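Inspection log for the structure reproduced underneath, given as structure tokens.
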Amino acid sequence: EEAVLTYTRELADLEAGRLPKWEKLAAPDIAVKYWKMPEGHRTMRDLLLYIRADEAKHREVNHTLGNLDQKNDPNPYVSKYKDDSQPHPTKGIEYLRPTGWNREDVI
């Protein structure tokens, strides 16, 4: 939760001109390779967006697992779903839920 807020604040600081050295700074090569950042989207702002999205996914997974009965419920991120047309937890961010998936949504 806090990491998402931190990167959101960093983006706001960057956009408000409070980080002038970062305004035209390119993302480091290691970040470009790790995030597979496409040409034309390799600024520090772009990197902060990638990192924030990753942290948002971590937040969702942690909340979802916290919403489950730890002794009895299956891991919803590796479960098979009968109806793939319905949203369900995935490894991607297409159905991101900030407070996680509720037990009744995944069992």
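The values are calculated or read from the model by the stated rules, or taken from the named source; none is laboratory data. Note that the coordinates shown come from a computational prediction; the quantities given were computed from them, not determined experimentally. Don't worry about glycine lacking a Cβ; one is built from the backbone with ideal geometry, like all the others, and counts go over all protein chains shown. Side chains are part of the model used for accessible areas, which takes the heavy atoms of the whole protein and leaves out ligands, DNA and RNA. Shrake-Rupley method; radii C 1.70, N 1.55, O 1.52, S 1.80 Å.
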key: Pair list, Cβ < 6 Å and 6+ apart or interchain, from region 88-107 residues that are in contact (Cβ under 8 Å) with a residue 24 or more places away in the chain and among the charged types (D, E, K, R) to residues that are surrounded by 11 or more Cβ atoms within 10 Å (Cβ to Cβ) and assigned to a loop (DSSP other than H, G, I, E, B)   = 103/68
remark   = Among the residues of region 54-73, the number that are in contact (Cβ under 8 Å) with a residue 24 or more places away in the chain and over 27 Å from residue 34 (Cα atoms) is 5
task = Among residues belonging to region 77-96 that are basic (Lys, Arg) and more than 24 Å from residue 36 (Cα to Cα), point out the one that is least open to solvent (accessible area, probe 1.4 Å).
result = 80
